[in-house]
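For reference, the structure discussed in these notes is given below.
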Amino acid sequence: MVNGMGNLKGVTRDFAALERRRLQAAKLFEKGANQAEVARQTGVSRESTRRWYSDWKRGGKTALKRAGRAGRKPRLQLAQLADLRRGLKEGPEVLGYGTALWTTWRVADLIERQTGLKFHPGHVWRILRSLGWSCQRPTGRATQRDEPAIRRWKRVRWPKLKKKPSRSSAP
């Protein structure tokens, strides 16, 4: 599957290799190579070469240097993520919730209380995953459950209630 940037899903881009290719193109431009030749030698499309040539003409080699990180900058800083991690470990009861169960709505509320930033609960799971948290559903068991009585019922009462095939239906 391909993502919106034209890369295979799960394949990270090697920014250093991309920069080396652009700088190789700059050297070729300096030697007088045409765009088609640069595209062939660097293994990129003619459109990329056209864009690189335009940037190189305007700003030289420095215009083809690495731009830095790709994508939008994270909204939460490292210190805020550390605070969030501490808040998650304290539990939702500290915020006034009645149970010890974190939901994405509750985590979004915690983030907003700590940082003032609003996150949609549907996106909070990405933050949780980046912190090493995973989705876990608690098993629903009654607190007044009597395990010995349940075992006894399964061993004694259930076999008596269970339907057995009649003798007439036997082959």
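Observations, loosely collected:
Rundown of residues vs (1) at pLDDT 90 or above; (2) of a type in the set (A, V, I, L, M, F, W, C), yes/no style:
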residue	(1), (2)
GLU93	yes, no
LEU110	yes, yes
TRP125	yes, yes
SER134	no, no
GLN144	no, no
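- For LYS118: the one exception among (1) of a type in the set (Lys, Arg); (2) part of a loop (DSSP other than H, G, I, E, B); (3) exposed (fewer than 10 other Cβ atoms within 10 Å of the Cβ): (3)
- Hits in segment 70-113 (condition: in contact (Cβ under 8 Å) with a residue 12 or more places away in the chain and farther than 16 Å from SER130 by Cβ): ALA70, PRO92, LEU95, LEU101, THR103, TRP105, ARG106, ASP109, ARG113
Here is a yes/no grid of residues against (1) within 20 Å of the chain's Cα centre (by Cα); (2) assigned by TED's automatic domain parsing to the domain that holds PRO121:
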residue: THR42; (1), (2): no, no
residue: LYS57; (1), (2): no, no
residue: GLY60; (1), (2): no, no
residue: ARG86; (1), (2): no, yes
residue: LYS89; (1), (2): no, yes
residue: LEU95; (1), (2): no, yes
residue: TRP105; (1), (2): yes, yes
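- Counting only residues that are over 15 Å from the mean Cα position of the chain (by Cα), in a loop (DSSP other than H, G, I, E, B) and not aliphatic (A, V, I, L, M), segment 121-147 holds 10 of them.
The values are calculated or read from the model by the stated rules, or taken from the named source; none is laboratory data. Please read these numbers as outputs of a predicted model, since none were measured by experiment. Positions of Cβ are generated from backbone atoms using ideal geometry, with glycine treated the same way; all protein chains shown enter the neighbour counts.
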